[in-house]
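Structure first, commentary second.
The values are calculated or read from the model by the stated rules, or taken from the named source; none is laboratory data. Bear in mind that the values here come from a model prediction, so they are computed numbers and not experimental data. Because the Cβ atoms are built from the backbone with ideal geometry, glycine has one as well, and the counts that use them run over all protein chains shown. Heads up: the accessible areas ignore ligands, DNA and RNA and are worked out on the full protein's heavy atoms, side chains in. Shrake-Rupley method; radii C 1.70, N 1.55, O 1.52, S 1.80 Å.
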Amino acid sequence: DLESAFTDWYFKFHPVQSTFYGFDEYNFFFKRLDNDSREEYLADIQRFHIEISQIDETKLPNTEYVNYSVLTQFLARQIYFMKFERKYEWDVSLYPMMVYDGIISLVDLDYLNMNDRTHALERRLEVSTSVLDIAYQNLKFYSDYHQKETFKIIDALNKLLEELPTKIMSDNQTLDRIDIHIRNLKRELKSYKDWIAGDYSHFENFEVKKNT
């Protein structure tokens, strides 16, 4: 059924949100924003949009009508975001925020025991630098506001990484791997911050582009 198919799809493509909602199948991942993943995502939501447009909402019971309305609005927003807003091209804060949310969602996760939580953190930390790698590929426009926001987010993320070892327990090998992933991520965050202050600041201004 469409609702179940959409729910399965949503958690697959929104792994950090799936963690917040208590679905741990995708705890090791981040949302992918590379070109191929964006095209797949857009194709999927357009397919869902076509399928839901064939439903006669006047014949739906109240509960199903509410679900229909929520899903319809979500799909319309996502199509707009991907085709027209294209935030991934100009919001430089998007990528470190994704990393921050991905880590914080696992730190105080009550439904996982400490070993499982630490294992999930280790795996998600391992792939966290790939989020920043994709940022370099995607970003095309400079935004002064989002540059300043990014500096704040990176500072908060570095503070979280400093405190992370005090919030977890595991065997020494796992903790050693986590320490390595933290060092790698902090190094990449510094490079990202330097790039934002340097090369990125010379990109075409997003506000100017938006108003032309």
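In the chain, the calculated helix contribution to ellipticity at 222 nm averages -22000 deg cm²/dmol per residue, counting -39,500 (n - 2.57) for every DSSP H run with n ≥ 4. Across segment 129-195, the convex hull enclosing all Cα atoms gives 80 Å³ per residue. Under 5 Å from the amide H of Asn205 lie the amide H atoms of Tyr142, each residue being 5 or more positions distant or on a separate chain, with H modelled from the backbone and absent for Pro and chain starts. Taking every alpha-carbon pair in the chain and binning the separations at 5 Å intervals from zero gives 1, 6, 13, 16, 16, 15, 12, 10, 6, 3, 1, 0 percent.
Among Thr150, Thr63, Thr166, the largest mean-square fluctuation in a Gaussian network model of the chain, built with springs joining Cα atoms closer than 10 Å, belongs to Thr63. Backbone phi angles across segment 66-82, fed through the Karplus curve with coefficients 6.51, -1.76 and 1.60 (θ = phi - 60°), yield HN-Hα couplings of 4, 4, 4, 5, 4, 5, 4, 5, 4, 4, 4, 5, 5, 4, 4, 4, 6 Hz in residue order; Gly and Pro are listed as x.
Going toward the positive end of the dipole of segment 87-212, with +1 on Lys and Arg Cβ and -1 on Asp and Glu Cβ, which of Asn184, Tyr200, Tyr88 do you reach last? Final value for the positive-end residue is Tyr200.
Rolling a 1.4 Å probe over the protein chains gives Glu126 an accessible area of about 100 Å².
Share of carbon and sulfur in the accessible area of the chain stands at 51%, probe radius 1.4 Å. Think of a 1.4 Å ball rolled over the protein heavy atoms: the chain then has 56 Å² of accessible area per residue.
Just list whichever of Lys140/Lys193; Lys83/Lys140; Lys12/Lys167; Lys12/Lys190 have alpha carbons separated by over 20 Å in the model shown. Exceeds cut-off: Lys12/Lys167; Lys12/Lys190.
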